[in-house]
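Notes follow once the structure below has been shown.
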Amino acid sequence: MDGDTTARVLYLSLLLLAVSGALFSGLRQRPGQTLQQVLIWAFLFAGLVAGYGLWPDIQRALNPRNAVSRDGTVELRRASDGHFYADAQANGQWLTFLVDTGASDIVLSREDAARVGIDPGALSFDGIADTANGPVPTARVRIDALSLGPYVDRDVPARVNGGDLSGSLLGMSYLRRFALRIEGERMILSR
């Protein structure tokens, strides 16, 4: 172990010893009140862990990436990284797509493909996509149903990326189905 790791282990050991001593002392003097306080802290800790795990879902519900206006257009807000993202359902599963006007096709990561019922292990990665990171193998697939706002498309062609891809891309083969315009911090898609 290096010096930092040793210092952390020593600090956490002393902290655990102090908390254990206080807990043991409290249990001997006032067991009912001490157990009540331990349960309160345990519930608070469990709530924090659950909130952290559910944060992406909570954030999507409170601040959706997609807003559908009264006339049926889909408005995407520019994210803090400067890109536009769209939350869409592919085969009934919610996926977050990076809207990529430089991508020719819809490109699913292996993880997202598996989420929508496509087995990446059974695919033939016989295509090649030229990316900023060089050529990567791809496999042609079809998405049974793709929903973005009020729009539902069936039997949508896509590709599964055979390399490392952190998320899925919504490319021009799908975006050309829309009239697309950018107004300030909003991308507006309509049909």
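The values are calculated or read from the model by the stated rules, or taken from the named source; none is laboratory data. Bear in mind the structure is a predicted one, so any value in this text is a computation, not a measurement. Positions of Cβ are backbone-derived with ideal geometry, glycine not excepted, and every protein chain shown enters the neighbour counts. For the accessible areas, the whole protein counts, side chains as well, though only heavy atoms, and no ligand, DNA or RNA atoms are used. Shrake-Rupley method; radii C 1.70, N 1.55, O 1.52, S 1.80 Å.
Observations on the structure shown:
- Dipole of the chain, positive direction: furthest Cα of ASN161, TYR52, GLY82, with charges on the beta-carbon: TYR52
- 222 nm mean residue ellipticity, helices alone, for the chain (DSSP H n ≥ 4; -39,500 (n - 2.57); rounded to 500): -12000 deg cm²/dmol
- Rolling a 1.4 Å probe over the heavy atoms of the protein chains gives the chain an accessible area of 65 Å² per residue.
- If R0 is 35 Å, the Cβ-Cβ spacing of SER124 and ARG186 corresponds to a FRET efficiency of close to 0.30.
- Contact order, relative form, for the chain: 21 percent (alpha carbon pairs under 8 Å, 6 or more residues apart, mean separation divided by residue count).
- Carbon and sulfur %, accessible surface of the chain computed with the full protein complex present, 1.4 Å: 58
- Ordering of 27-40, 157-170, 133-146 by burial proxy (mean other Cβ atoms within 10 Å per residue, highest first): 157-170, 133-146, 27-40
- The chain: angle of helix 31-62 to the longest principal axis, Cα-based, in degrees nearest 10: 10
- Out of every Cα-Cα pair that the chain contains, those further apart than 21 angstrom amount to 64 percent.
- C-alpha center-to-center spacing [the range 7-59, the range 82-108] in angstrom: 41
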